[in-house]
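Structure below; questions to follow.
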Amino acid sequence: NISHIHLWTVIPSFCHRPLEAPFRYLFGPGPSNVPPRVLAAGGRPIIGHMHSEMFGIMNDIKKGIQYAFQTSNNMTLAMSGSGHTAMECALFNIVEPGESVLVAINGIWGERVAEIAERMGAKVHTLVKTPGGHFTNAEIEQALAKHKPVLFFLTHGESSAGLVHPVDGIGDICHKYNCLLLVDSVASLGAAPLLMDQQNIDILYTGSQKALNAPPGTAPISFSERACHKMFNRKTKPVSYLLDMTNLSNYWGNDGKPERIYHHTGPVSGFFALRESLAILAETGLENSWKHHTEVAEYFWKGLEDLGLKLFIKDKDLRLPSVTTIAIPEGYNWKELLAYIMKHHRIEFTGGLGPSVGMLLRIGLMGYNCNKANAAMALAALEDALKQCRMSKA
């Protein structure tokens with residue numbers, strides 16, 4: 001009887017005012033500012049997640065991911081969640097409890113993968129270098145021969161350090177030892193060259209919110225035939241129902257069955273936005289996008305050096321074009337610098353992440369934000385902060 005129900009008498013105060021979100025220049029490592037075309041796509045009226053029109057949009061997304069990844073893999077889709085969702089999807093579906101996994105750690109993303117694999121009962125082996133370090137193919141092969149893992153993880157764009165890792169030859173080495181190659185391209189896709197099929201990558205994933213410039217919340221992923229064979233011939237079920245590729249492959253129309261069966265409610269608006277962001281990347285062209293990110297990054301790097309700042313990654317060829325890292329200048333409090341720039345310029349830069357905290361500043365110019373005008377704006381904000389925030393050495 002509802003007459004006996006006593007509701008709270010105080011209505012939350014936020015109900016009396018409209019939603020407000022400030023405009024900021026998102027020049028950190030992500031998310032990045034979303035272009036009007038993608039915002040408009042995400043604002044279109046909702047349709048049902050099992051409507052035929054939605055399946056058509058999902059098919060468009062699959063084709064867009066295949067282009068962005070440079071793959072013909074049928075098992076290509078977008079996860080309903082951030083890049084971490086794709087990371088967990090890859091591990092949960094490929095690795096079974098007790099199997100060996102080799103993880104390259106040169107920043108936070110390798111650390112995350114190692115923890116997830118450990119939590120699910122894998123035997124985790126690591127190759128570790130300090131932030132900014134990279135691994136030679138010989139080092140990787142030696143570890144593969146020693147540990148005989150079923151999966152090797154490598155971060156292509158290590159955003160916590162600003163490093164883009166060489167990938168050539170690593171897939172071939174993994175296959176020599178009957179190991180699958182898993183690559184994280186969340187911070188690098190569309191900004192630095194990566195060719196899934198040509199470089200023999202077995203599982204590749206990225207996020208929507210970096211150079212793709214869609215809102216956070218969707219994560220493209222693709223599995224090679226070799227990965228699918230391992231994934232669909234498991235002895236045990238994956239630990240996650242939501243991320244079980246047996247179900248997801250049907251939801252995305254990848255399993256060859258005539259009917260898609262309900263599994264979960266996908267982020268309809270997020271898929272609208274992702275579809276449009278992939279269309280923009282395809283219209284631009286991958287090679288044009290890579291070239292543009294490199295040109296803007298080089299312009300930005302010169303400007304930073306002209307300010308007397310030191311780039312954290314010394315080797316120009318190993319610098320991530322989408323996320324530049326700067327060694328914290330001597331005599332400055334990095335938190336004070338970032339707070340000043342946010343307050344006076346409405347620009348977001350960030351500090352380090354995970355093992356790189358206290359070592360560097362991170363500035364991202366990717367996708368829609370990647371142009372020389374924004375680079376000049378970022379340089380002017382840094383120059384102002386360096387003048388105003390100088391700390392006493394006394």
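For the range 305-323, how many residues are buried (at least 20 other Cβ atoms within 10 Å of the Cβ) and assigned to a strand (DSSP E or B)?
2
Here is a follow-up. Could you tell me whether the range 157-171 includes any residue that is among the hydroxyl-bearing types (Ser, Thr, Tyr), outside any loop (DSSP other than H, G, I, E, B) and modelled with pLDDT of 95 or more?
No, the range 157-171 has no match at all.
Same structure, new question: When the range 324-380 is examined, which residues are found to be of a type in the set (S, T, N, Q), within 20 Å of PRO36 (Cβ to Cβ) and assigned to a helix (DSSP H, G or I)?
Hits for the range 324-380 are ASN369, ASN374.
Pull up the range 113-138, narrow it to residues that are crowded, with 20+ Cβ neighbours inside 10 Å and in contact with a Gly (Cβ under 8 Å, 6 or more places away or on another chain), then point me to the one that is nearest to PRO166 (Cα to Cα).
Taking the candidates together, the pick is GLY132.
Looking at the range 58-75 only, could you name the residues that are among the hydroxyl-bearing types (Ser, Thr, Tyr), part of a loop (DSSP other than H, G, I, E, B) and surrounded by fewer than 20 Cβ atoms within 10 Å (Cβ to Cβ)?
SER72
Here's a follow-up. Would you tally the residues in the range 208-226 being farther than 21 Å from ASN59 by Cβ and either crowded, with 24+ Cβ neighbours inside 10 Å or free of Cβ contacts under 8 Å to residues at least 24 places away in the same chain (or both)?
4
Of the conditions (1) charged (D, E, K, R); (2) under 17 Å from the mean Cα position of the chain (by Cα); (3) open to solvent by 10 Å² or more (accessible area, probe 1.4 Å), GLU158 fails just one. Which one is it?
(3)
Still on this structure, I have one more. Only one of (1) under 23 Å from GLY207 (Cα atoms); (2) surrounded by 17 or more Cβ atoms within 10 Å (Cβ to Cβ) fails for GLY285. Which number is that?
Failed condition: (2).
Sort through PHE92, PHE14 and tell me the only one that's in the same structural domain as LYS146 (by the TED database), surrounded by fewer than 23 Cβ atoms within 10 Å (Cβ to Cβ), assigned to a helix (DSSP H, G or I) and of a type outside the set (Asp, Glu).
Sole residue among the options that is in the same structural domain as LYS146 (by the TED database), surrounded by fewer than 23 Cβ atoms within 10 Å (Cβ to Cβ), assigned to a helix (DSSP H, G or I) and of a type outside the set (Asp, Glu): PHE92.
What do you reckon, is ASN233 open to solvent by 70 Å² or more (accessible area, probe 1.4 Å) and in the same structural domain as CYS174 (by the TED database)?
yes
The values are calculated or read from the model by the stated rules, or taken from the named source; none is laboratory data. None of these values were measured; they are calculated from a predicted model. Note that each Cβ is placed from the backbone with ideal geometry, even for glycine, and that neighbours are counted across all protein chains shown. Protein only, heavy atoms only, side chains kept; ligands, DNA and RNA dropped before computing areas. Shrake-Rupley method; radii C 1.70, N 1.55, O 1.52, S 1.80 Å.
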